[in-house]
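Peer 1: Have a look at this one before I ask anything.
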Amino acid sequence: MHSTERPANPAPPAAAPTRPYLLERVDDAAIVQLYADGFAALPPDQKRLIWHLYEAALAGRDIYIDQRYRHNLVMRDVLEALVLHDAALPAEVAAEVWRYTKLFWLNSGPFNNLTARKFVLKLTREQLVAALDAVARAGARLPLGDCETAAGLGQRLAPYFLDATVDPMVTNKTPGEGGDILRDSANNLYDGVSMADLDGFVERYPLNSRLAKRDGQLVEEVYRVGGLYDAPLRRMIGHIEAALPYATPGFAAALRALARWYRTGEEADRIAFDIAWVQATDSPVDTMSGFVEVYMDARGIKGSWESMVYYANPEKTARIRALADNAQWFEDHMPFAIEYRKPLVQGVTATAIEVVIETGDAGPITPIGVNLPNDQRVRETHGSKSVTLSNVTEAYEFSTTDEYRREFVWNDEEFARAKRFGAVASELATEIHEVLGHGSGRMSGRLTAQPQELLKEQYSALEETRADLVALYFCADPKLVELGIVPADDHAEIVRAEYEAFARTALVQLRRVREGTQLEEDHMRNRQAIVHWLLANTQALTVRIREAKTYYVLESVGRFREGVAEMLREVQRIKSEGDYAAAKALFETYGVHFDPELRNEVVARVDQLKLPSYTGFVMPELTPVVDASGEIADVRISYPLDFAKQMLGYSAYRRG
């Protein structure tokens, strides 16, 4: 599972940055450079290992882009032809094409990564057709169909670029009366399939296939060699196997298992890879690769492809590892029923990392923490790995201004607390969320199905809610002081800073949903559900108005934690028992719907301050240094500081 929210209160660094972080703004998105400072000091074999895994990450990038929308790849080819030949366009058309193309790259298609809603190219049909004609005359390579002209291409694609009512949402988990969560979602995980078609159908490849209706029959189009995405999978396998000579024994076993799963697509091989990967704890270099997160699927079943390549940051790992080493104590002290606790916690590892590259569902918009695998059976019997992305958190810190904190805090004391303790509180909560939250609990002994199958479209939001509640509960526990994770003198203020920040986040996140009246993204649903449940059922928080501005104010740390414990007991029961009706009622009541007037107020406040709604990252770039014999002698890292150049370079890599 991913943690995707930026640090709620990134603290100001000890010194001003001497290198650029915030590169540009595109509408309400920020583009920030990511740095991996420890890479240059790595041993040569670790650099070579990372290089081959980096190449594998690039090789698979287009899988996710195609999964996200069936028109994405051809739309991207059109956009990149336009920007590469922008001199042939009128200035105002070129400016709009560049704006839209950067948002398209950031969001891996024409749907906002957080709201799931479509955004459009602000040109007329005539302007789009004329633009394609112009760049065709300038020598652009366009993805033309048989006997198709540039004008014909423009007419064919115009609805997907220009019309917000055509395929309006990539994922629609709440389509309304008479709707269908599959037919009303524009993603490419299904083809011609409705929920009614699935009655009685048992999927052999639930995670790694597109489900299509062909001649009236359901067909699983499996992601594997010889199946769907054959070419990129073959390229990835080649790079993975090239990495093997530089991998430690345990990590090499995991890489071989990954290559086998990519070849066969079989569920048994996926499970074997999950187990081998969890057990591979002997390598400071690692990768997360595969069809992993299910957020994009309205059913919560189909995995989106992603890849992340990283190495451990030893200096920052001590705190998160202390949580993992004491996971059994925390499990034994969970506030939920004992029958839902693990009697024996095993295989829990945790690392602070520096990311080198993230592609697919992991980038350019990146999580700040991850816990995998998602298979509940593997978690319960073999454990899990948790990581916090240290260099991503750092990049957020260096690219955020004080105005972000000041606008939504109630008083100067809250502002000072956020400024002093916000970053450490946010990092602590993320670490507990990943290590103890996702890694905790077990299913009822009477059930054999996976929780995703039982909780359906509610699963991801419920699991994120559960992990956040665990983090909110234990960040206030004196055990953290005993373990040396937080200093005793600061603990109370760190807890208050985190509770205040969490409440603010549920308010400030409304800036991201600039139309409609409901939330679709699972992390956003989770945060709103917790805060609105606490507002409705405890006296921990109040809503205050001052000068026509709304604030969520923490009234009692103790009541907040008590409320979190009560809600966590019920949320764990829902997951452990697979209680779909209760999960749906929870989010319909507290997590989905919001007041559009409150949203409009929040949007006006952030727009006045020019605050971004979300952030995408420019990744480091690697270049091999080849010796006279043709062998890789070293690998150099660089930072392009140019989002468009990197995106165009990635596409050139695919064509090459």
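The values are calculated or read from the model by the stated rules, or taken from the named source; none is laboratory data. This one's a predicted model, so the numbers in the text were calculated from it and none came from an experiment. Note that each Cβ is placed from the backbone with ideal geometry, even for glycine, and that neighbours are counted across all protein chains shown. Just the protein is used for accessible areas: all its heavy atoms, side chains included, with ligands, DNA and RNA removed. Shrake-Rupley method; radii C 1.70, N 1.55, O 1.52, S 1.80 Å.
Peer 1: Touching a residue at least 24 places away in the same chain (Cβ under 8 Å), surrounded by 22 or more Cβ atoms within 10 Å (Cβ to Cβ) and of a type in the set (Gly, Ala, Ser): which single residue out of 322, 352 fits that description?
Peer 2: Values: 322 fails: surrounded by 22 or more Cβ atoms within 10 Å (Cβ to Cβ).
Result: 352 is the single residue among 322, 352 that is touching a residue at least 24 places away in the same chain (Cβ under 8 Å), surrounded by 22 or more Cβ atoms within 10 Å (Cβ to Cβ) and of a type in the set (Gly, Ala, Ser).
Peer 1: Among (1) modelled with pLDDT of 95 or more; (2) acidic (Asp, Glu); (3) assigned to a helix (DSSP H, G or I), where does residue 306 come up short?
Peer 2: (3)
Peer 1: Specify which of the listed residues (355, 370) is closer than 30 Å to residue 648 by Cβ and at pLDDT 95 or above. Steps first, answer last, please.
Peer 2: On the way: 370 fails: at pLDDT 95 or above.
Within the list 355, 370, the selection yields 355.
Peer 1: OK, next. Check whether at least one residue in region 480-489 is of a type in the set (Gly, Ala, Ser) and closer than 17 Å to residue 561 by Cβ, and report yes or no.
Peer 2: Checked region 480-489: no residue is of a type in the set (Gly, Ala, Ser) and closer than 17 Å to residue 561 by Cβ.
Peer 1: Among the residues of region 545-559 satisfying the criterion of being more than 30 Å from the chain's Cα centre (by Cα) and farther than 19 Å from residue 333 by Cα, which is surrounded by the most Cβ atoms within 10 Å (Cβ to Cβ)? Please lay out each step first, then the result.
Peer 2: Residues of region 545-559 that are more than 30 Å from the chain's Cα centre (by Cα), as a first pass: 545-549, 555-556, 558-559.
So of that shortlist, the ones also farther than 19 Å from residue 333 by Cα come out as 545-549, 555-556.
Working: 545: 9, 546: 9, 547: 4, 548: 6, 549: 13, 555: 13, 556: 15.
The residue in question is 556.
Peer 1: With the condition being in contact with a Pro (Cβ under 6 Å, 6 or more places away or on another chain), I'd like the helices (runs of 4 or more DSSP H) fully within region 311-403 carrying at least 3 qualifying residues.
Peer 2: 390-398
Peer 1: Is it true that residue 435 is in contact with a Ser or Thr (Cβ under 6 Å, 6 or more places away or on another chain), crowded, with 23+ Cβ neighbours inside 10 Å, of a type in the set (A, V, I, L, M, F, W, C) and part of a helix (DSSP H, G or I)?
Peer 2: yes
Peer 1: Which of the helices (runs of 4 or more DSSP H) found entirely inside region 560-656 contain at least 1 residues meeting this: hydrophobic (A, V, I, L, M, F, W, C), surrounded by 13 or more Cβ atoms within 10 Å (Cβ to Cβ) and touching a Ser or Thr at 6+ places or on another chain (Cβ under 7 Å)?
Peer 2: Where helices (runs of 4 or more DSSP H) fall fully within region 560-656 and carry at least 1 residues being hydrophobic (A, V, I, L, M, F, W, C), surrounded by 13 or more Cβ atoms within 10 Å (Cβ to Cβ) and touching a Ser or Thr at 6+ places or on another chain (Cβ under 7 Å), they are 596-609.
Peer 1: Just checking, how many residues over region 386-416 are over 26 Å from residue 618 (Cβ atoms) and out of contact with any Asp or Glu (no Cβ under 6 Å at 6 or more places or on another chain)?
Peer 2: So the answer is 10.
Peer 1: I'd like the full set of residues that are open to solvent by less than 20 Å² (accessible area, probe 1.4 Å), closer than 22 Å to residue 483 by Cα and hydrophobic (A, V, I, L, M, F, W, C), limited to region 330-349.
Peer 2: Selection gives 330, 334.
Peer 1: So if I check each of 210, 204, 235, which one is touching a residue at least 12 places away in the same chain (Cβ under 8 Å), part of a loop (DSSP other than H, G, I, E, B) and open to solvent by 30 Å² or more (accessible area, probe 1.4 Å)?
Peer 2: On the way: 210 fails: part of a loop (DSSP other than H, G, I, E, B); 235 fails: part of a loop (DSSP other than H, G, I, E, B).
Answer to the selection: 204.
Peer 1: Could you please give the count of residues in region 443-493 that are within 19 Å of residue 327 (Cβ to Cβ) and surrounded by fewer than 17 Cβ atoms within 10 Å (Cβ to Cβ)?
Peer 2: 6
Peer 1: Related question: How many of the residues in region 103-134 are over 25 Å from residue 188 (Cβ atoms) and surrounded by 24 or more Cβ atoms within 10 Å (Cβ to Cβ)?
Peer 2: Result for region 103-134: 1.
Peer 1: Let me ask you something else. Can you find a residue in region 285-297 that is open to solvent by 30 Å² or more (accessible area, probe 1.4 Å) and either part of a strand (DSSP E or B) or out of contact with any Ser or Thr (no Cβ under 7 Å at 6 or more places or on another chain) (or both)? Full working, then the answer.
Peer 2: Quick first cut of region 285-297, residues open to solvent by 30 Å² or more (accessible area, probe 1.4 Å) only: 295.
Right, trim to either part of a strand (DSSP E or B) or out of contact with any Ser or Thr (no Cβ under 7 Å at 6 or more places or on another chain) (or both) and you get none.
Among the residues of region 285-297, not one is open to solvent by 30 Å² or more (accessible area, probe 1.4 Å) and either part of a strand (DSSP E or B) or out of contact with any Ser or Thr (no Cβ under 7 Å at 6 or more places or on another chain) (or both), which makes the answer no.
Peer 1: Further question on the same structure: Would you mention how many residues in region 135-147 are surrounded by 14 or more Cβ atoms within 10 Å (Cβ to Cβ), more than 34 Å from the chain's Cα centre (by Cα) and over 11 Å from residue 84 (Cα atoms)?
Peer 2: Result for region 135-147: 1.
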